Amino acid sequence: QVQLVESGGGSVQAGGSLRLSCAASGRTFSMGWFRQAPGKEREFVGRINWSDGRTFYTDSVKGRFTISGDTAKITMYLQMNSLKPEDTAVYYCALLSPSTITWSSWGQGTQVTVSS
């Protein structure tokens, strides 16, 4: 099973930027980012297809967040700009299984806190 290790969380003021990383232990089809704020359900943020580099985002982060990947390092990044307090959450990376088309593996999560 592919293992995912995240890094890069922290605290920042509104309008600031952070970059998260997610390193995979093996090749994957697609990887994605999710987040979970206190008292809320986990929500999809975006994902990248390794085959063609296409990215997809939820509406609330379009134009502010960018997902990219380094195929040699099998590492996915989430560049977050113009951060808002409502972006505060634990961010998780996940692996999309090509056989079941479900999110089959998850990282440990990294905290992002945006203060106003």
If we keep just the residues of region 60-75 that are under 15 Å from THR28 (Cα atoms) and in a loop (DSSP other than H, G, I, E, B), which is farthest from the chain's Cα centre (by Cα)?
ALA72
Please determine, by comparing only the residues of region 78-89 that are surrounded by 18 or more Cβ atoms within 10 Å (Cβ to Cβ) and outside any loop (DSSP other than H, G, I, E, B), which one is nearest to the chain's Cα centre (by Cα).
LEU78
Per the filter on region 18-44, residues in a loop (DSSP other than H, G, I, E, B), modelled with pLDDT under 95 and surrounded by 15 or more Cβ atoms within 10 Å (Cβ to Cβ) are THR28
Condition test on VAL114, is it assigned to a strand (DSSP E or B), at pLDDT 95 or above and in contact with an Asp or Glu (Cβ under 8 Å, 6 or more places away or on another chain)?
yes
Given (1) closer than 12 Å to LEU4 by Cα; (2) surrounded by fewer than 13 Cβ atoms within 10 Å (Cβ to Cβ), where does CYS93 come up short, assuming only one miss?
(2)
Counted residues in region 45-77 being over 15 Å from LEU20 (Cβ atoms), modelled with pLDDT of 95 or more and either open to solvent by 80 Å² or more (accessible area, probe 1.4 Å) or not polar (S, T, N, Q) (or both) come to 5
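The values are calculated or read from the model by the stated rules, or taken from the named source; none is laboratory data. Owing to the predicted nature of the structure, the values given are computational and were not obtained by experimental measurement. Every residue, glycine as well, gets a Cβ built from its backbone with ideal geometry; the counts of neighbours run over all protein chains shown. Only protein heavy atoms, including side chains, enter the accessible area calculation; ligands, DNA and RNA are left aside. Shrake-Rupley method; radii C 1.70, N 1.55, O 1.52, S 1.80 Å.
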